[in-house]
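Notes to accompany the following structure.
Read-outs throughout are calculated quantities, based only on the coordinates presented, and are distinct from any laboratory measurement. Because the structure is a prediction, the values reported are computed rather than measured. So basically every Cβ, Gly included, is an ideal-geometry build from the backbone, and we count neighbours across all protein chains shown.
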Amino acid sequence: MRLSLRYRLLLPLVLLLVGDATATAWAASAAARNAESRLAEQQWAIVDTLGEPRSTFPLTQPVLEQMKGFSGAEFMFVPTGDLPRESVSTFPKPQPPPTDVPRAIPTIKTADLQLGPSVTVEGREYRCLRVALREQSPPRRGDLYIFYPESLRQSAVADAVRPLFILGGAGFVAVVLAFAFGSRLVRRVRDLDARTRLIAAGDFRPMPLTGTDDELRDLCEAVNEMARRLAAFQDEFQRTERLQVLGQFSGGLAHQLRNAAAGAKLAVELFLAENPSADPEPLRVALRQLARIEANLRQFLALGKPPTGERKPCDLAELISHSVSLLKPQCQHAGTTVSWTAPSERVVIVGDPTQLSHLLGNVLGNAVEAAGAGGEVRIWLAATQRGALVEVSDTGPGPPRAIAEKLFDPFVTGKDQGIGLGLAVAKQAADAHGGHITWERRDGRTMFVIELPRGA
């Protein structure tokens, strides 16, 4: 049978509470009996003292008053004998002696001493003890009544029982607090269980960290860290899966596209050879574009594979100028302005010129498309202590928020006609050279920052 953690925690507490209540009740009952026994012993001590043969105390009004001051009880002495005598008592008004109280003989010793039955005198309740004094001397022969106030007896019993109930109440409060703590602990465990089930279902959002700083909070932090790693693993798996799918159909597609590009390139070259008087510049741009298509197809086939390129000094200003010239017809057609001025000094790094051309060309092409008609693209290049820094900004609206964190992943794009490979290729080229590429929104512009090391 499955027993919930809540009940496992609460069962010992309930048993402890029952045991505490039982022990408190038994101890309180014993304390009440002991308190009453002590009061009875005090009263019987008075009786024993008066009952001794050597006792010569006259049971007069002043003597009874003194006895009242010592014990707090009321006294009444009713003489017996041949000569009639009046009774004396400490009550303010004369009272008839209670006749239904049995006599107790002081010479009899019992283990269970009692205060006597309950009687009411002048509207006040007392515990009455009636003792028969049998001395031969007439002044001390008669019945002695000891009236102990019930209120004093109850007060003495309460004083004896009160600490026990205080301790019992403290135990009850401790059990209640333990119950509350256990319930809170179980609730946190259930929240953690619910969160782990959500993680198993694919929801990797971190759970809020609540409660005190304890081992359970450390466990929640560990679960959040696990969720973050699982989310990263899932993203990497999806990226790898997309690349695998890409590799499955890219071979045949690239082969057909390369054949078409090669045929177009041969046709343009043949036209230039047969028409030397024609303006060659537009056709040369077309040839460069076809060459770029071939290079992009090679890069497309190499996406996701370890880079294998040559390393030689590359002038980044020349590569940027080359990319700008390729984009010039597109910018003229759309009315997009490209602001680019090469720095006065050369910025040279060691790298693969083909990969660097893809890196710069894809970033610039992405900026031109994002800026749109009437937009502006700015390019800035500078040498740094580590290598080179390239900034490309455009006046476009920026990527949608839904893809902002995955902008460099393959097949992630915010364009209607885009396939999401340009920035993925750019990132792979930057990583292959030991650099990195980032983006941000600054002053209403989208800015891509490329940092490249100088290289060996």
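Each residue, W380 and E236, gets one label point 7 Å from its Cα in the Cβ direction; the gap between the two is 3.5 nm. Taking other C-beta atoms within 10 Å as the exposure proxy, L316, L11 rank L11, L316 from fewest upward. Pairwise Cα distances in segment 375-456 exceed 18 Å for 47 percent of all pairs. Distance between the 7 Å Cα→Cβ label points at F172 and I403: 6.8 nm.
When the trypsin sites (Lys or Arg not before Pro) in segment 318-386 are filtered for DSSP coil states and for at most 15 other beta-carbon atoms within 10 Å of their beta-carbon, the remaining sites are R346, R386. Amide hydrogen proximity for L133: with H placed 1.01 Å from N in the peptide plane, the residues at 5 or more positions away or on another chain lying under 5 Å are G142, D143, L144.
Annotation: aspartates and glutamates with alpha-carbon distance below 17 angstrom to K265 (same-chain offsets under eight excluded): E274, D279, E281, E294.
Within straight-line reach of K427, meaning a Cα separation under 13 Å, sit the following aspartates and glutamates at least 8 residues removed in sequence or on another chain: D409, E451. Its residues counted as N, segment 308-453 yields a C-alpha radius of gyration over 2.2 N^0.38 Å of 0.99. As a proxy for reagent exposure, ranking V348, V175 by other Cβ atoms within 10 Å from fewest up yields V348, V175.
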